[in-house]
1. Report the residue count in region 51-67 for those that are out of contact with any helix residue (DSSP H, G or I) (no Cβ under 7 Å at 6 or more places or on another chain) and at pLDDT 95 or above.
2. Looking at region 133-152, which of the residues that are closer than 21 Å to residue 103 by Cβ and touching a helix residue (DSSP H, G or I) at 6+ places or on another chain (Cβ under 7 Å) is surrounded by the fewest Cβ atoms within 10 Å (Cβ to Cβ)?
3. Scan (1) under 19 Å from residue 162 (Cα atoms); (2) exposed (fewer than 10 other Cβ atoms within 10 Å of the Cβ); (3) in contact with a helix residue (DSSP H, G or I) (Cβ under 7 Å, 6 or more places away or on another chain) for the single condition residue 2 breaks and write down its number.
4. Looking at (1) surrounded by 12 or more Cβ atoms within 10 Å (Cβ to Cβ); (2) within 29 Å of residue 40 (Cβ to Cβ); (3) touching a residue at least 60 places away in the same chain (Cβ under 8 Å), which is the one condition that is false for residue 218?
5. Residue check, residue 124 against (1) touching a strand residue (DSSP E or B) at 6+ places or on another chain (Cβ under 9 Å); (2) at pLDDT 95 or above, all met but one. Which one?
6. Could you check region 205-215 and list, in sequence order, the residues that are over 20 Å from residue 92 (Cα atoms) and either touching a residue at least 40 places away in the same chain (Cβ under 8 Å) or surrounded by 10 or more Cβ atoms within 10 Å (Cβ to Cβ) (or both)?
7. Just to verify a result, which residue in region 152-171, among those that are in contact (Cβ under 8 Å) with a residue 40 or more places away in the chain and more than 24 Å from residue 59 (Cα to Cα), is farthest from the chain's Cα centre (by Cα)?
8. Determine which member of the set 20, 87, 28, 43 is modelled with pLDDT of 95 or more, surrounded by fewer than 16 Cβ atoms within 10 Å (Cβ to Cβ) and closer than 29 Å to residue 107 by Cβ.
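The values are calculated or read from the model by the stated rules, or taken from the named source; none is laboratory data. Just so it is clear, the structure is predicted and the values come from calculations on it, not from any experiment. Counting neighbours? That spans all protein chains shown, and the Cβs are built from the backbone with ideal geometry, glycine included.
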């Protein structure tokens, strides 16, 4: 390819970059293949009972009921505990985008967002953000967040994503974003949820990149 008025130096550098991009694509495919080949994970610690609102009415829902017609369940731990005056801006930015993709995800897997906060508080925040597709759950009455690393021993919230599978009537943990807990190299972005969060990938396409000090806000008008 040659874009209008590009120099030979640009094309040479761009072709070198293209080689690196192709290698990255191959590596991403290889990593995904390794993930799919994981052996059976551990059986769920318990059939956790969550609280949600369905058709305008509060109800209790078991983890086993969250799969619906699918055999895979993606469960994101949203950082919004009662001790937090505001929801995590980083989680919020990611969920803003995921809300739009939720109907597409539902064609292949079930998707839920879990926060250790009263369900009314979670829904109020969701309405403020305009979320209409995410299935929101409260884990305030169980130990899910602690058991599956969405919460530390001190109650500190973590943006953990876990995947569960249902096979032969049994539910097991399949995969979690353990990269969240793996120490990054100096100056390296954590990048543990890039695959679900196109915001950072968009920045990666620009000359300035992600930057060192920029982070999402709940409101850019202030």
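1. Looking only at that region, the number is 9.
2. Kept after step one, since they are closer than 21 Å to residue 103 by Cβ, are these residues of region 133-152: 133-137.
So of that shortlist, the ones also touching a helix residue (DSSP H, G or I) at 6+ places or on another chain (Cβ under 7 Å) come out as 133-134, 136.
On the way: 133: 14, 134: 21, 136: 20.
By that ranking, first place goes to 133.
3. Residue 2 satisfies every listed condition except (1).
4. (2)
5. Unmet condition: (1).
6. 209
7. Narrowing region 152-171 to residues in contact (Cβ under 8 Å) with a residue 40 or more places away in the chain: 155, 157-167, 170-171.
The next check asks that each one be more than 24 Å from residue 59 (Cα to Cα); those that pass are 155, 157-160, 167.
On the way: 155: 20, 157: 14, 158: 11, 159: 7, 160: 7, 167: 23 Å.
Selected residue: 167.
8. After ruling out the rest, the residue left standing is 43.
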